[in-house]
1. For segment 1-25, how many residues are assigned to a helix (DSSP H, G or I) and of a type in the set (S, T, N, Q)?
2. Out of segment 104-138, which residues are at pLDDT 95 or above and acidic (Asp, Glu)?
3. For segment 6-25, what are the residues that are closer than 30 Å to Arg65 by Cα and out of contact with any strand residue (DSSP E or B) (no Cβ under 6 Å at 6 or more places or on another chain)?
4. Could you please find all residues in segment 30-56 being assigned to a helix (DSSP H, G or I) and surrounded by fewer than 21 Cβ atoms within 10 Å (Cβ to Cβ)?
5. Would you mind finding the one in Val83, Val72 that is hydrophobic (A, V, I, L, M, F, W, C), part of a loop (DSSP other than H, G, I, E, B), modelled with pLDDT of 95 or more and over 18 Å from Ile123 (Cα atoms)?
6. Can you run down the residue pairs with Cβ atoms below 7 Å, 6 or more apart or on separate chains, where the first is in segment 80-104 and hydroxyl-bearing (Ser, Thr, Tyr) and the partner is part of a strand (DSSP E or B)?
7. Look at segment 101-123 and say how many of its residues are loosely packed, with under 15 Cβ neighbours inside 10 Å and either touching a strand residue (DSSP E or B) at 6+ places or on another chain (Cβ under 7 Å) or within 14 Å of Gly20 (Cα to Cα) (or both).
8. Please specify each residue of segment 1-54 satisfying the condition of being within 16 Å of the chain's Cα centre (by Cα) and among the polar types (S, T, N, Q).
Amino acid sequence: MIDKKLKKIDIWKNKGLKIGVANGCFDLLHKGHKYLLKKSKQQSDKLIVLLNSDNSIQKIKGPDRPIEREIVRKKKLLKLGYVDDVIVFNKKTPLSIIKKIKPDFIFKGSDYIKKNIIGYNFIKKYGGKVKIIKLFKNYSTTNLIKNTNDKKNSR
């Protein structure tokens, strides 16, 4: 599956298209996620989302996450219209996939510091760039879950 996707990416690169990647859990896809991805697509010809698998999210965020399974999250991302492909990864970070893709850009939200972003040192070596996208208000899946639980508990 990944080999087929890498071949497609190589075709895009051979056409001179700029490849961008954004990665994350994208659990409970919200306005903040959509804003980040839309702004990322505006700066690249093809946008690929590297999506944490259910298993990798549980390792990072605990047994109660993700809220939505990876197949649902993947379908929602592809429906956006500005995501060209989604690659699910099962490790803690997407570094091995970033190394295979060799994107022109890695996009992350402004809650990250450039030099701490996975793939930063690698992409710098060949002239790629890490681009920080200013966050859209205070949206986060963790806050959405907390607010929902607070409302339930106050009833």
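1. 1
2. The one that is at pLDDT 95 or above and acidic (Asp, Glu): Asp104.
3. Leu6, Gly24
4. Within segment 30-56, Lys31, Gly32, Lys34, Tyr35, Lys38, Lys39, Lys41, Gln42, Asp54, Asn55, Ser56 meet the criteria.
5. Going through Val83, Val72 in turn, just one is hydrophobic (A, V, I, L, M, F, W, C), part of a loop (DSSP other than H, G, I, E, B), modelled with pLDDT of 95 or more and over 18 Å from Ile123 (Cα atoms): Val83.
6. Tyr82/Leu47
7. Summing the residues that are loosely packed, with under 15 Cβ neighbours inside 10 Å and either touching a strand residue (DSSP E or B) at 6+ places or on another chain (Cβ under 7 Å) or within 14 Å of Gly20 (Cα to Cα) (or both) in segment 101-123 gives 2.
8. Selection gives Asn23, Ser40, Gln42, Gln43, Ser44, Asn52, Ser53.
The values are calculated or read from the model by the stated rules, or taken from the named source; none is laboratory data. Here the structure is a predicted model, which is why all the values come from computation and not from measurement. All Cβ positions, even for glycine, are placed from backbone atoms using ideal geometry, and neighbour counts span all protein chains on display.
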